[in-house]
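Step one of this worksheet: look at the structure below.
The values are calculated or read from the model by the stated rules, or taken from the named source; none is laboratory data. The shown structure was predicted, so the numbers you read here are calculated from the model rather than taken from an experiment. Here the Cβ positions follow ideal geometry from the backbone for every residue, glycine too, while neighbour counts run over all protein chains shown. Accessible surface areas use protein heavy atoms only, side chains included; no ligands, DNA or RNA. Shrake-Rupley method; radii C 1.70, N 1.55, O 1.52, S 1.80 Å.
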Amino acid sequence: MKPARKMMSVTAAMLSAMLTVQCAFSAIPASAVTQANYNAFCERMRRAWENCETGTINISKYNMTLDEVADAYYDMLYTDGNWFYISSGFGYSGYDSHIFSIELRFNYDVDTISTRKAEFAAKIGEITGMLDPAWSDAEKVLFLHDYLAEHCRYDLTYSKQSYDAYSALISGSAVCQGYALAMNVLCNQIGIPCSEVTYTYPLTDSDGNV
């Protein structure tokens with residue numbers, strides 16, 4: 001007897017999603033999903049994110065497990081700070097071995113996202129417009145680093161919005177993830193590849209101490 005279909009939610013913390021340095025090709029997780037299905041799922045998600053689709057999105061044709069869906073979802077989300085309005089949590093229905101549908105969640109009210117995106121793009125243009133074209137890539141990266149250090153403070157309240165690039169650049173307050181994604185967006189805007197990389201710290205050391 002098959003278990004009942006279920007609607008659940010996942011978060012980045014629950015799945016311990018890890019990020020990889022951006023490569024020139026699309027990486028595929030070590031799993032049974034085909035390259036074609038993996039790429040098609042990623043394209044479907046980008047379109048859904050761009051259009052802020054609400055409700056359930058049918059992804060059954062990609063034949064992906066929950067781990068495969070999560071790997072692709074977080075790899076896209078955390079290697080491009082422009083998706084600041086997409087939540088790290090999402091709903092899904094199906095079994096762990098076959099996910100039928102996914103439901104997006106957003107960090108901001110959907111009705112305000114288009115305005116926020118325009119504001120975000122304008123801010124990126126303003127900052128990158130300060131760069132001297134004659135500078136080396138190293139000098140440009142140093143300038144962007146110093147700009148963030150001067151104009152963004154660390155959010156010790158760890159509010160929900162402090163984890164994205166929008167908060168770092170527009171609100172001037174973020175945690176380390178927000179800083180990293182802001183740097184990601186700024187560097188990529190000027191043609192310098194940059195991706196966030198995360199590391200999950202062990203709860204205990206080699207001697208078993210917390």
TODO: Filter region 55-88 down to residues that are over 29 Å from Leu186 (Cα atoms) and in contact (Cβ under 8 Å) with a residue 40 or more places away in the chain and give me whichever is farthest from the chain's Cα centre (by Cα).
DONE: Ser60
Open item on the list: Just to be sure before I move on: is Phe100 in contact (Cβ under 8 Å) with a residue 40 or more places away in the chain and farther than 30 Å from Lys61 by Cα in the structure I sent?
Closed with: no
Open item on the list: Residue pairs, Cβ under 7 Å, 6 or more apart or interchain, first in region 116-134 and closer than 11 Å to Leu186 by Cβ, second open to solvent by less than 60 Å² (accessible area, probe 1.4 Å) and of a type in the set (D, E, K, R). List them.
Closed with: Leu131/Lys140
- [ ] Scan region 83-103 residue by residue and report those that are touching a helix residue (DSSP H, G or I) at 6+ places or on another chain (Cβ under 6 Å) and within 30 Å of Met183 (Cα to Cα).
- [x] Trp83, Phe84, Tyr85, Ile86, Ser88
Task: Filtered residues of region 45-54 (kept if among the basic types (Lys, Arg) and under 13 Å from the mean Cα position of the chain (by Cα)) - done: Arg46
